[in-house]
Amino acid sequence: MWALRLDIAIYLACAVFAVLTAFKSEFYGYRIWGNFASAAYLFAFAHSVWLIVRRPMTGWFRSRWVPIAAVGVVGMIVPLGVLVFRRLTGVDWLITPWSWSAQPEVWVIERSARLLFA
């Protein structure tokens, strides 16, 4: 029971951070991540609360791994795919940072690699 309460606290804290990132971030990539992560962490929070309320249940949906899988897929893999697909369109690094699909650090890494190979 204490583990589920810890899960609830962690998911709630992560959800708050993700919602703030989704609404307050300057960069498009951060906002995309924040939107998907908000949904994932809020689902994980609700599922963990539901596990405490509906204690005597059995089955795969009763597992504490369900919210972890949701966070992994919806909060990490899906936004990565969205941002990679957006980046492949070639519309990036404009003078409008709110439209960048890559995180700002990516430009530094790409430029460093180009200089290294040049």
| task | Could you go through the stretch 61-71 in sequence order and give the Karplus-derived ³J(HN,Hα) for each residue, using 6.51 cos²θ - 1.76 cosθ + 1.60 with θ = phi - 60°, rounded to whole Hz, and x for Gly and Pro? | result | 6, 7, 6, 6, 7, 4, x, 5, 5, 4, 5
| said: I'd like the projected area of the stretch 10-57, averaged over all directions, using the convex hull of its alpha carbons. Report it in nm² with one decimal. | reply: 3.2
| query | With springs only between Cα atoms under 10 Å, which of Val16, Val106, Val71 fluctuates most in a Gaussian network model of the chain? | reply | Val106
| message | Accessible area per residue for the chain in Å², computed with a 1.4 Å probe and the full protein assembly in place, what is it? | response | 66
| Fraction of accessible area attributable to carbon and sulfur, the chain (%, probe 1.4 Å) | 75
| Phe27 - accessible surface, heavy atoms, 1.4 Å probe, Å² rounded to 10 | 40
| message | What translational diffusion coefficient, to the nearest whole µm²/s, does the chain have by Stokes-Einstein, given a Kirkwood radius computed over alpha-carbon pairs, a temperature of 20 °C and 1.002 mPa s viscosity? | response | 134
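The values are calculated or read from the model by the stated rules, or taken from the named source; none is laboratory data. Quick caveat: nothing in here was measured; it's all calculated off a predicted structure. Note: accessible area is taken over every heavy atom of the protein model, side chains too, but ligands, DNA and RNA are not part of it. Shrake-Rupley method; radii C 1.70, N 1.55, O 1.52, S 1.80 Å.
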